[in-house]
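Read through the structure below, which is laid out as structure tokens, and then see the notes.
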């Protein structure tokens, strides 16, 4: 059974700092890994999708990497802003469990002005 | 258009009521999903429809009844719910299996 862990559970940084969020998974048989952002009481906003054959994806100030063999992904946020404050979730879509996605518990980020 | 639209945004229902949640997408996605999310927890998968057929039911109680009338619509029919069913219900869609999933903004359900 796939298990997904996100570290840290919460993170508070001053505005302007670069930061890294971590996601680890136990089963490397995956189709892809997706990073989401969720604001309180809202739905999930897709940030980046990395296919199993890819090593990284970039969008603006965000960069996500994937090391499938070690079961790790990182989300790098450059020059953080107060508007980046949210919960960040990673979801791993497995290739051996009918394509279901397994979510981590998330990292709650607070960026202080 | 990368939007998944869910209605209503908020719903309060009694334990004897029958209500339905609706989800719509026009991205041509043939996989649609229902998730349940409790406060400060990740989404939990409930149902998956693939090409309008139910492909995954994660042992969800029968008081939740999904329906996929066509490739753009997904419903979740609710009957005789319990207070512990209060949660944020999220709909998502994707091309089956290996592409990006898009989520709606959710329906906040309160059972009284």
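Could you estimate the translational diffusion coefficient of the stretch A:61-111 from the Stokes-Einstein equation, with Rh from the Kirkwood formula over C-alpha pairs, at 20 °C and 1.002 mPa s, in whole µm²/s? Working shown, then result.
Numbers: Rh = 12.6 Å.
Value of D from the Cα-based Kirkwood radius: 170 µm²/s.
Relative contact order for chain A: 37 percent, from Cα pairs under 8 Å spaced at least 6 residues apart, divided by residue count. Structural size metrics of the protein assembly as shown, computed from C-alpha coordinates, are Rg and Dmax of 17.5, 52 Å.
Stick to the Cα atoms of chain B, pair each with every other, and give me the Kirkwood hydrodynamic radius in Å at one decimal.
Computed over chain B, the radius equals 13.9 Å.
Take every DSSP beta bridge with both residues inside chain A and express the antiparallel ones as a percent of the total, to the nearest 5. So the antiparallel bridges in chain A amount to around 90 percent. Based on C-alpha pairs under 8 angstrom that are at least 6 apart in sequence, chain B has a relative contact order of 37 percent. Annotation for the stretch A:82-113 versus the stretch B:1-74: alpha-carbon center distance of 20 Å. Potential lengthening of the chain between residue A:112 and residue A:26 amounts to 27.6 nm, from the contour at 0.36 nm per residue minus the alpha-carbon distance. Here, chain A yields an orientationally averaged convex hull projection of 6.6 nm² when only Cα atoms define the hull.
All of the numbers you see were taken from the coordinates with simple rules; none came from a lab. Please read all numbers here as calculations on a predicted model, not as lab measurements.
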